[in-house]
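Step one of this worksheet: look at the structure below.
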């Protein structure tokens, strides 16, 4: 009986350690809701950036972000951009690892491995180059 209890406790402890080490990585492909989590305007005022997260709202750990970029003037999707995204927590004065950005077409850009490991407001410092040069800083609130 004592050995059975010890085995159960050991198995529970190992399971807890394994799940704690997972880093919150999403399981399977990201899915994004129809409604944007937040919309930002670029510094020039020319671009609108709809931000969707997976999960939405974003969680502590690893998230995926979908940026849909359109012209403010007429809503036309903007392709041919190169985005550099740096997740930044202004209140703490630090960033995190640099995510990967992949153009999807139709003005949609997939940002993966967005690591928001602390609760609070995270700014996605987004440099835009390629077909045009601009900058945007949409904010995500991580509970």
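Observations on the structure shown:
- Some residue of region 73-81 being surrounded by fewer than 18 Cβ atoms within 10 Å (Cβ to Cβ), touching a residue at least 12 places away in the same chain (Cβ under 8 Å), assigned to a strand (DSSP E or B) and over 13 Å from the mean Cα position of the chain (by Cα): yes
- The set of residues in region 103-129 that are over 13 Å from the mean Cα position of the chain (by Cα), closer than 21 Å to residue 29 by Cα and part of a strand (DSSP E or B) comprises 103, 104, 105, 108.
- For region 95-112, the criterion of being at pLDDT below 95 and either out of contact with any strand residue (DSSP E or B) (no Cβ under 6 Å at 6 or more places or on another chain) or at positive phi (or both) is met by at least one residue.
- Matching residues in region 19-42 - criterion: being at pLDDT 95 or above and either touching a helix residue (DSSP H, G or I) at 6+ places or on another chain (Cβ under 8 Å) or surrounded by 13 or more Cβ atoms within 10 Å (Cβ to Cβ) (or both): 32, 36, 37, 38, 40, 41, 42
- Evaluation of residue 15 against the conditions (1) part of a helix (DSSP H, G or I); (2) at pLDDT 95 or above shows that the sole unmet condition is (2).
Per-residue answers, yes or no, for (1) in contact (Cβ under 8 Å) with a residue 40 or more places away in the chain; (2) assigned to a strand (DSSP E or B):
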| site | (1), (2) |
| --- | --- |
| 36 | no, no |
| 44 | yes, no |
| 48 | no, yes |
| 56 | no, no |
| 59 | yes, no |
| 64 | yes, yes |
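- Filtered by the rule that a residue be within 17 Å of residue 81 (Cβ to Cβ) and loosely packed, with under 13 Cβ neighbours inside 10 Å, region 105-128 gives 105, 106.
The values are calculated or read from the model by the stated rules, or taken from the named source; none is laboratory data. It should be emphasised that the depicted structure is a prediction, and the values quoted were computed from it without experimental measurement. Using ideal geometry, Cβ is built from the backbone for each residue, glycine included, and neighbour counts are taken over all protein chains shown.
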